Amino acid sequence: MSILIDRTKRVLVQGITGREGQSRTRLMRGYGTQVVAGVTPGRGGQTVEGVPVFDTVTEAWEHVGPIDISVLFIPAPLVKSAALEAIDAGVKLLVIVPDRVPIYDVLTIARRAKETGARFIGPNTLGVLSPGQGVLGMIGGRAAAAKSWFFPGPVGISSRSGGITTSMAYYLARAGIGATTLVHVGGDAVVGLPHPDVMLEFERDPETKAVVMFGEIGTSQEERVADLIASGAFTKPLIAYIGGKAAQSGTRFSHAGAIVEGGRGTYAGKVARLREVGATVVEEFMELPQATKRVLASL
């Protein structure tokens, strides 16, 4: 199985006529994702990669039927209105690719999503990929690359870095370890599906036997994953690497969501807490494949 995306999910692309929208629609369709419609206001009646384009999400829904997921390739200042439009139309999962979305806009989207039972990934995300099932966003770059790099297997991948999401899956694959789903939660301080929520998704997936996580300094995502383990809500083996070991308090590291403030979100605190609850935390990134092999062999 997989989480979040599979061959049955019907996908909409908002901003489909833009450069990124066109390019990533080609990737998603080439990988087998069921992209059924696109939306760009004022461009209704066109087609992109064989996909019909509509002026609004509601219009798309009326013409092609129910839509499960919307992937947004919208300029950051327009993300809020596009996301709210999709949620109000009935879409239950959004993938918000752009970075630099104002945090107040993200909080507004989060509030509306909570009110309607919808969810979103990102902002500032490469998206989601389930090997052999589908891709949302831009993981892999091209369908041929995504098909050759990643294959199905027993490991879930959750990461706060887009590049490291693909790197982890690539190096695990080279070690003979396939994945159920790759999730880039997004690099911003506030994201729709942070690590803890992704862990609960993997917990419910019977084919995910272990999870590999890339964490960073800043925010409490990794500590909250440890809380899930401690409470018994997440029971599968976790192998983790935390970035930002050398960063000092007050130093911004890599992403907007990665900043150490006082004693919160520190490298040492995250590592200690994860190890305390039994997670396997490696010191070097390239130790992940062998550590994962050992964990899988022990199951």
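The values are calculated or read from the model by the stated rules, or taken from the named source; none is laboratory data. Please read all numbers here as calculations on a predicted model, not as lab measurements. Cβ sites come from the backbone with ideal geometry, for glycine too, and all protein chains shown count toward neighbours.
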- Item | Residue that is closer than 17 Å to PRO75 by Cα and of a type in the set (A, V, I, L, M, F, W, C), where the choices are VAL13, VAL35 | VAL13
- Note on the structure: A careful count of residues in the stretch 130-162 that are crowded, with 17+ Cβ neighbours inside 10 Å and within 23 Å of ILE16 (Cα to Cα) gives 12
- In the stretch 1-51, anything polar (S, T, N, Q), within 26 Å of ASP197 (Cα to Cα) and either modelled with pLDDT of 95 or more or in contact with a Pro (Cβ under 6 Å, 6 or more places away or on another chain) (or both) is listed as THR8, GLN14, THR33, GLN34
- Criterion: among the charged types (D, E, K, R) and not in a loop (DSSP other than H, G, I, E, B) - qualifying residue of ARG100, ARG112: ARG112
- Message: Take the conditions in contact (Cβ under 8 Å) with a residue 40 or more places away in the chain and either buried (at least 16 other Cβ atoms within 10 Å of the Cβ) or touching a Ser or Thr at 6+ places or on another chain (Cβ under 8 Å) (or both) and apply them to ARG24. Does it pass?
- Response: yes
- Task: Only residues that are among the small types (Gly, Ala, Ser) and at pLDDT 85 or above: list them for the stretch 256-278, please.
- Result: ALA268, GLY269, ALA272, GLY278
- Would a scan of the stretch 113-125 turn up a residue that is aromatic (Phe, Trp, Tyr), more than 22 Å from LEU200 (Cα to Cα) and either touching a Gly at 6+ places or on another chain (Cβ under 9 Å) or not assigned by TED's automatic domain parsing to the domain that holds PHE285 (or both)? no
- Item | Residues satisfying the stated conditions in the stretch 67-105, i.e. surrounded by fewer than 23 Cβ atoms within 10 Å (Cβ to Cβ), closer than 18 Å to VAL183 by Cβ and touching a Leu at 6+ places or on another chain (Cβ under 9 Å) | ASP68, PRO98
